[in-house]
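The structure under discussion appears below in the form of structure tokens.
The values are calculated or read from the model by the stated rules, or taken from the named source; none is laboratory data. The model shown is predicted, which means the values in this text are computed figures rather than measured ones. Backbone-built Cβ (ideal geometry, glycine too); neighbour counts: all protein chains shown. Heads up: the accessible areas ignore ligands, DNA and RNA and are worked out on the full protein's heavy atoms, side chains in. Shrake-Rupley method; radii C 1.70, N 1.55, O 1.52, S 1.80 Å.
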Amino acid sequence: DFPIIDALSNYEFYEKGLVKNPIPASNHIEPFLENKVPNLWTYYCCSQYKEVANRFFNMPSARNRILGIQLYKFDIVGFLQWGYNFWYSQYSRYPIDPFKVTDAGYAFPSGDAFIVYPGEDGRPLESLRLKVFYEAIQDLRALRLLEELIGREAVMEMLEEDVDEPITFKRYPTDAEWLLNKREQINRKIAELI
């Protein structure tokens with residue numbers, strides 16, 4: 001009775017019925033969206049380095065934070081990310097010090113394998129990347145709250161009123177100021193209505 005999910009990059013596996021609950025990579029999500037796959041999740045990891053959101057060390061925080069808006073717009077119900085505290089080399093052959101080695105021993109882009117650092121007494125130390133991801137999830141929650149107050153159509157209109165092209169997983173505002181201003185606009189609208 002457990003749901004079986006699988007990370008995918010190829011829509012045909014779902015189309016043929018081989019995977020009941022697909023989780024397409026964010027850079028391969030379009031066919032799943034076009035075909036209105038229900039209860040859709042998405043993920044990113046080491047291969048999603050071009051165009052789409054991710055949280056690698058070499059990426060600006062805005063590319064991490066935009067995910068909340070994308071999850072809202074496309075009504076994505078879940079997000080899968082494997083690298084929480086993988087402080088090992090590829091294949092777990094030896095442990096690494098994540099304060100000194102950020103790429104799992106040259107295996108992955110820096111920042112892919114972990115989002116927390118080992119802290120005292122086994123408590124994780126949050127990375128800046130985790131804090132930005134938290135803000136993305138808070139953006140998603142704020143958008144859902146606003147939707148309850150003014151409806152989805154009005155929220156979508158507000159989200160995209162000042163962008164040159166519709167937001168997708170590959171095309172989105174990359175300016176941190178746009179994200180901060182958009183969240184302030186959302187907050188003001190919620191405050192007006194509550």
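Key figures
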item	result
Segment K20-R141, length gained on full extension (0.36 nm per residue, minus Cα span)	40.8 nm
Over 24 Å between alpha carbons, listed pairs K73/K131; K36/K170; K131/K182; K36/K131; K36/K189	K36/K131; K36/K189
Most to least accessible of L180, L67 (protein chains only, probe 1.4 Å)	L180, L67
Table column - 3J(HN,Hα) (Hz), the range 96-106, Karplus curve with 6.51, -1.76, 1.60, x for Gly and Pro	10, 9, x, 6, 10, 10, 10, 10, 6, x, 6
Listed candidates (1) 29, 23, 15; (2) 25, 22, 15; (3) 28, 24, 22 - label of the one calculated as semi-axes √(5λ) of the Cα gyration tensor in Å	(1)
For the range 95-120 versus the range 143-189, the gap between their alpha-carbon centres in whole angstrom	33
Inter-site label distance for K170 and E148 at 7 Å from Cα along Cβ, in nm	3.6
Distance (nanometres) between label positions extended 7 Å along Cα→Cβ at L193 and K131	3.0
Relative contact order %, the range 65-194, counting alpha carbon pairs below 8 Å whose residues are six or more apart	25
Accessible surface of W41 - all protein chains present, 1.4 Å probe, nearest 10 Å²	90
Within the chain, percent of DSSP bridges classed antiparallel, to nearest 5	40
